[in-house]
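Below is one structure, written out as C-alpha cells; comments come after it.
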Amino acid sequence: MTMSTNANNEAEAGHHTPNAGAARSIDSLQHRGKSYPPSPEFTAAAVASADLYAEASDPQAFWAAQSRELLDWATPFASVLDWTNAPFARWFADGTLNVAYNCLDRHVLAGNGDRIAIHWEGEPGDSKSFTYAELTAEVKKAANVLAGLGIVAGDRVAIYLPMIPEAVIAMLAIARLGAVHSVVFGGFSAESLRTRIDDAGAKLVITADGGWRKGRVFPLKPTVDAALAGDPSTVENVLVVRRGENEIDWWGERDSWWHDLMGSADAEHEAQGFEAESPLFILYTSGTTGKPKGILHTSGGYLTQVAFTHRNVFDLKPESDVYWCTADVGWVTGHSYVVYGPLANGATQVMYEGTPDTPHAGRWWEIIQKYGVSIFYAAPTAIRTFMKLGRQIPDEFDLTSLRLLGSVGEPINPEAWNWYRNVIGGGKTPIVDTWWQTETGGIMISPLPGVTATKPGSAQVPLPGIAVDVLDDDGRAVPAGSGGLLVITKPWPGMLRGIWNDPERFVETYWSKFADAPDGPLYFAGDGARLDEDGDIWLLGRVDDVMNVSGHRLSTAEIESSLVSHPFVAESAVVGATDETTGQAVVAFVILRADQAEAVSPEDASEVLRHHVGSQIGAIARPRTIYVVGELPKTRSGKIMRRLLRDVAEGREVGDTTTLADTTVMQVISERLASAAGKRGPEE
Ligand code: WTA
C-alpha cells in the first residue's frame, strides 16, 4: 500500500467539520467492524491480485508497465514522467498513440470485431447494438465528416447530445483526428453552453434535434440556437443528429444533418498517432468561484489510467462480462467509464438513454435482466431513491447475472451500501466504492475486488500506483481515527494537465495549499476524509464551497451570482444542506430589494427565482428551497457564515454565533423561518 497512514504519528490531528461530516461519522461508528472478505471463488478468478500493490512500489515503473501492456503505442515511449515543471506533468511524452485506434481498430484487428461494444437502449424502448467492427466503421465515417467540416488536430468541438450512440461515436471521431472534445451535459442552459463554447473556442457543435427523457422529447437544438444567437462566436458549423424528430429551426449556412453527411462519408480512415500529451478533452466542472473550470485531460496517461482502473476495479473479463455504467457522457464518469475505459478494454456494455423511472420504476432492473448485466456502476443517490421505493420493485426482476457493483460520485452511507449489496447484489456481490474527481481522470481510491475485504461506507484504500494522505491544516499526516484533508502526494498518469486558459487558477486551486511539501507540491482535492482504526479512508464531503447534489458538482458562488442577477434580489447566500436522497440539496437565502419586498410575496419570489436559476444554469442547479430573509449572518469582516445557514437549512440548533457582527441576526432568521415554515419547491 502506498498510503502512509501514520498510525504512530504523535501530532494531534486538526479537526475538520466538512459539510456532511458529523452525520457520517456517527453512521460509520455504528457500522465499524463489519467487513466482507471476497469469496475464495471470486479471488481465484479475479483480475486483480494483491501483488499489484507490491509491483507499484515504484509508481512510475508500474504505470509504464501498465501502459505498455494495456495500450498500443504508435511510437513507444522511453520517458515516463517529467515532473520538472511541477505541477505541470508530462507522462510518456515521447510516445505517440491514437486514442480511438486503441478503443476500436485494434480490437477488430485482434479478431474481436464481432464482439458487441454497445447495447444501446432508448428510453421509448427502441434499441440497437453495435459490434466493435460496426462502431469502428461509424467512427471512421464520422472522422471523415468532421475532417470535411475543417476539423484538424487541436481544434475544439463542443458536444451537446443526449445519451445516444452518436455521443460516443462523435467523441471517438474527434479523438481520432487529434481534436479536442468539450462535452456539455444536455441539462445545461443556453447560457452555460455559450460560456463553455466561448471559453474553449469551439469551431463546431454536435447536437441533436432532441432526446428522450421522462417519457417525452426534450429539445436540444433550440438551446444551441439560443446559445449561438447574439454576438458572433467561434462556431462555424452545427451538426445535428436526428433523434427526437421534434420540429427545429434551421440555419442553412451553418447547420447540417449528421445522417446526411454520414450517408455520403468515406468509410476508410487511417488513424494517425499523436503525442501522448496532446489534449484529448476539456470538461467543465464547478469550482469555488462562479466561473466553471475547463479541466484539461491529455491522451496517453489518461487512457492508461482509465484502462487500468476499469479492468482491475471492475474485475473486467471482456469475453464474458456485460458492463453497465449509468452515468451520462456529459460528466467525467461517462467519459472515463462509458467511453474510454470500457472501449480501451474491449468490453461489452449497455448504454441507456433515459431516466431510471421511465416508463416504470423498475426500468433499470429490467435492463439488467434483458442484457444479463454482470457489472453495474451507479451513484448512491439512485440507490437511495430505490431504497425508499422498496425492494418489491427490483425483486420482480432476475438480477442474478450481477457479480460486481460499483458506486461513484458521493459518499455512500452504510445503510445504502448494505441495501445495494443485499437487494441488488443478492447478498454476494463485492461493492467497489470508487473515489475520484473530474480532475483525477480515473478512479483513485477503491477496494480491489477479490483482494480487499470491503467495508460498507468506506472507499478504503488508494489503488496501486496512487499515493494519497490525510493531512491536518498544517500539512501533518493525521493518525488513524482522525479526520483531515485528502491530498494526493505523487503525480498520477490521468491527472488533469491544467485548467483551459487559466494556468494560474490551476496552480492556485489545487497546488497552493500544500505547496511546500519536501517532495514537491501536493494535490489538494477539496474533500475532507477520515482514517478509521484500520487506516481505511472515509470520504466526508467537500470542505470548500462546492456542493454535491445527486453526485453532480455545483458551485455555491455560481448559483449566488445567478440569484443576484435577478432584479428581485439584493443579496444571496447558497448552502448545500444534507438531503436524505440527493446527498446534498441546494438551499438559498435571499434578501429582496427594498422596492420588491413590498410588491411580491416571499412564495412568489421563491418560485420565480427557482426558475430563473434553472434557465440560467440548468435544472440541476435549481434550489430545492429558497428562503426570503431580511438579513444574512456576517462576520465583522463581512464574510457570510454559511455554517450557520446550513444549521438552519438542516433544521438544527444554530451553532456558535459569537463571531457575527450582529449576534441577533440568526435568531431573527430562525424565528422568521419557523413562522413561515419555508416554501419547499416541487420535487424535480
Ligand atoms: C465526490 C465524479 C465520496 C467528492 C467522479 C469529489 C465522492 C467529487 C466519491 C468529484 C466517493 C466522488 N465517495 N465522495 N466514492 N466519488 N465523490 O468531479 O467530493 O463530478 O471531490 O467526479 O465527488 O466530483 P466529480
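A few comments on the model shown:
- Evaluated over the Cα positions of the range 28-149, the convex hull gives a direction-averaged projected area, one quarter of its surface, of 15.2 nm².
- Protection proxy ranking of 158-165, 267-274, 624-631, by the mean of other Cβ atoms within 10 Å over each peptide's residues and highest first, is 158-165, 624-631, 267-274.
- For the chain, the average shadow cast by the Cα convex hull is 29.3 nm², which is a quarter of the hull's surface.
- Max-minus-min Cα coordinates of the range 581-661 on each principal axis give 37, 37, 21 Å, with the largest extent listed first.
- Share of pairwise Cα-Cα distances greater than 17 Å in the range 121-183 is 41 percent (whole percent).
- Projected-area average for the range 541-684 over all orientations - Cα convex hull basis, square nanometres: 8.3
- Local electrostatic count at Ala173 - Lys and Arg +1, Asp and Glu -1, tallied over other residues with Cβ under 9 Å: +2
- Solvent exposure of the range 358-508 as accessible area per residue, Å², 1.4 Å probe: 28
- Relative contact order (percent, whole number), the chain, Cα cutoff 8 Å, 6+ residue spacing: 16
- For the range 159-289, the spread of Cα positions along the three principal axes, ordered from largest to smallest, is 44, 41, 31 Å.
- Screening the chain for whole DSSP H helices of 27 Å or more along their axis (Cα) with average Kyte-Doolittle hydropathy at least 0.0 returns none.
- On the basis of the beta-carbon distance and an R0 of 22 Å, Ala515 and Ser79 show a calculated FRET efficiency of 0.30.
- Normalised by the number of residues in the range 305-350, the average gap of Cα pairs under 8 Å and 6 or more apart makes the relative contact order 51 percent.
- Solution diffusion estimate, µm²/s, Stokes-Einstein, the range 488-596, Kirkwood Rh from C-alpha pairs, 20 °C, viscosity 1.002 mPa s: 128
- Length added when fully stretched, Glu396-Lys128, from 0.36 nm per residue minus Cα-Cα: 94.0 nm
- Listed residues Pro318, Gly362, Leu343: farthest to the positive end of the dipole of the range 279-394 (Cβ charges): Gly362
- Sequence of Arg421, Arg213 from largest to smallest accessible area, 1.4 Å probe: Arg213, Arg421
- Solvent-accessible surface (1.4 angstrom probe) belonging to Asp519, in square angstrom, nearest 10: 140
- Cα shape, the range 357-513, gyration tensor, a/c 1.5 rule: prolate
- Charge context of Val322, other residues only, Cβ under 14 angstrom, K/R +1, D/E -1: -1
- Span from the the range 190-241 Cα centroid across to the the range 331-396 one, whole angstrom: 27
- Solvent-accessible surface of the range 534-645, averaged per residue with a 1.4 angstrom probe and all protein chains in place: 36 square angstrom.
- One decimal place: the segment Arg68-Arg216 gains 48.7 nm when fully extended, by the rule 0.36 nm per residue minus the C-alpha distance.
- The range 562-624 and the range 57-101 have their alpha-carbon centroids 47 Å apart.
- Solvent-accessible area, 1.4 Å probe, carbon plus sulfur percent, for the chain: 50
- Accessible area (Å², per residue) of the range 64-139, counting only protein heavy atoms and a probe of 1.4 Å: 41
- Charges were assigned to the Cβ only: +1 to each Lys and Arg, -1 to each Asp and Glu. The resulting dipole of the chain about its Cα centre is roughly 620 debye.
- Across the range 441-530, the fraction of Cα-Cα pairs farther apart than 16 Å, rounded to a whole number, is 59%.
- Computed extension length for Lys34-Val608: 201.9 nm, one decimal, from 0.36 nm per residue of separation with the Cα-Cα distance subtracted.
- In a simple Cβ point-charge model (Lys, Arg +1; Asp, Glu -1; nothing else charged), the range 330-484 has a dipole of about 480 debye relative to its Cα centre.
- Summing charges over neighbours of Glu268, with a neighbour being any other residue whose Cβ is under 14 Å away from its Cβ, gives -1 when K and R count +1 and D and E count -1.
- R0 of 22 Å, Cβ-Cβ distance Asp502-Ala86: FRET efficiency to nearest 0.05: 0.80
- With all protein chains modelled, accessible area of Ser670 [1.4 Å, Å²]: 40
- The tail of the calculated P(r) for the range 258-310, taken as Cα-Cα distances beyond 19 Å, holds 57 percent of the pairs.
- Histogram of C-alpha separations across the range 101-237, 10 Å bin width, %: 12, 38, 34, 15, 2, 0
- The alpha carbon convex hull volume per residue for the range 246-364 rounds to 238 Å³.
- Rounded to the nearest 20 debye, the dipole size of the range 482-576 about its Cα centre is 260 debye, using +1 on the Cβ of Lys and Arg and -1 on the Cβ of Asp and Glu.
The values are calculated or read from the model by the stated rules, or taken from the named source; none is laboratory data. Everything numeric in this text was worked out from a predicted model, so none of it was measured. In this analysis, Cβ positions are derived from the backbone assuming ideal geometry, glycine residues included, and neighbour counts consider all displayed protein chains. Surface areas here come from the heavy atoms of the whole protein model, side chains and all, with no ligands, DNA or RNA. Shrake-Rupley method; radii C 1.70, N 1.55, O 1.52, S 1.80 Å.
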